[in-house]
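Inspection log for the structure reproduced underneath, given as structure tokens.
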Amino acid sequence: MRIEDVSDALVRDASGLYVASGSSHVSYPSEGHAQCFQVEDHSFWFKHRNACIVAMVARYPPPGTLLDIGGGNGYVSQKLAELGHDIVLIEPGHTGALNARKARGLENVICAKVEEADFIPQSFGAVGMFDVIEHIEHDRAFLEKTARLLKPGGMLYLTVPCYGWLWSQADVDAGHFRRHTHESLRNLVCRHFEIEYISGFFQALVLPQFLLRALPYRLGMRQTKVLSDAAEHGASNGLMVRLLTRLLAREAVGIAAGRQAKIGASCLLAARYRG
């Protein structure tokens, strides 16, 4: 896809990014992309989420170019592009967008919000929002506008954190507005989309997240970050990380086979636009 064919509001700058004039606030910490970039390639969490996303997209493939909204450093988009999908990544944070373009080598990277890009309606075959929609306060209105970018029969892919009772300081720090249940996610998308697939994943992390994050937060205990980002994401590949990786590997296999899990610290969804 040529960006020039789907938007008159974007121009390519000297760094290779497509940009729009003006910028606005997003609910995501400004240093977040730099921190993620340091751990993504070695993180069991990012690796497993990618495996699950890839399995879902393979089972419910996009009928055209996939727009990765809030694509950050391009970790998901890079993998999907390697598998032959045509990808456009849009990310309002300059650090993330530049990492996606320069470090991950993605061709079509836009540094702007979706509203600023002013895409022509029905330009895309799919939209992906991977741990993004929980950062958007007025998520239903945003999803309505996003649906207009899809061709009839186009796909929506989502991943979100699950369960309000797992809410913790980590959600506050990340700029989340909510965590979802399967039911709340169904209600969010049902107006414009037919759900093809919905499942929990990261089942093995439900109890640890409750005990180590949510419970202390509910009890008003001051939470001090004990582990570095690298340690928390298992960069050392210790025994617990290897055990978790083995437990989680079954989930990607199940997703590839179309099996649906009722629980999980996160949820993923594939839905088709009614048009």
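The values are calculated or read from the model by the stated rules, or taken from the named source; none is laboratory data. Bear in mind that the values here come from a model prediction, so they are computed numbers and not experimental data. So basically every Cβ, Gly included, is an ideal-geometry build from the backbone, and we count neighbours across all protein chains shown. Please note that ligands, DNA and RNA were not included when accessible areas were found on the heavy atoms of the full protein model with its side chains. Shrake-Rupley method; radii C 1.70, N 1.55, O 1.52, S 1.80 Å.
A few remarks follow.
- Within the range 63-78, tally of residues that are out of contact with any strand residue (DSSP E or B) (no Cβ under 8 Å at 6 or more places or on another chain) and in a helix (DSSP H, G or I): 2
- The set of residues in the range 140-164 being part of a strand (DSSP E or B), in contact with a helix residue (DSSP H, G or I) (Cβ under 9 Å, 6 or more places away or on another chain) and more than 23 Å from Gly200 (Cα to Cα) is empty.
- When the range 95-114 is filtered for residues that are free of Cβ contacts under 8 Å to residues at least 60 places away in the same chain and either open to solvent by 50 Å² or more (accessible area, probe 1.4 Å) or touching an Asp or Glu at 6+ places or on another chain (Cβ under 6 Å) (or both), the ones remaining, listed by number, are Gly105, Glu107.
- For the range 27-47, the tally of residues that are modelled with pLDDT of 90 or more and either among the aromatic types (Phe, Trp, Tyr) or touching a Phe, Trp or Tyr at 6+ places or on another chain (Cβ under 7 Å) (or both) stands at 3.
- Of the residues making up the range 185-196, those that are in a helix (DSSP H, G or I) and either open to solvent by 40 Å² or more (accessible area, probe 1.4 Å) or of a type in the set (Lys, Arg) (or both) are Arg186, Asn187.
- Scanning the range 136-149 for residues that are closer than 20 Å to Ile198 by Cα and open to solvent by less than 30 Å² (accessible area, probe 1.4 Å) yields Asp139, Leu143, Thr146, Ala147.
- From Ser24, Ser77, residue being modelled with pLDDT under 90, closer than 23 Å to Arg148 by Cα, among the polar types (S, T, N, Q) and out of contact with any Cys (no Cβ under 6 Å at 6 or more places or on another chain): Ser24
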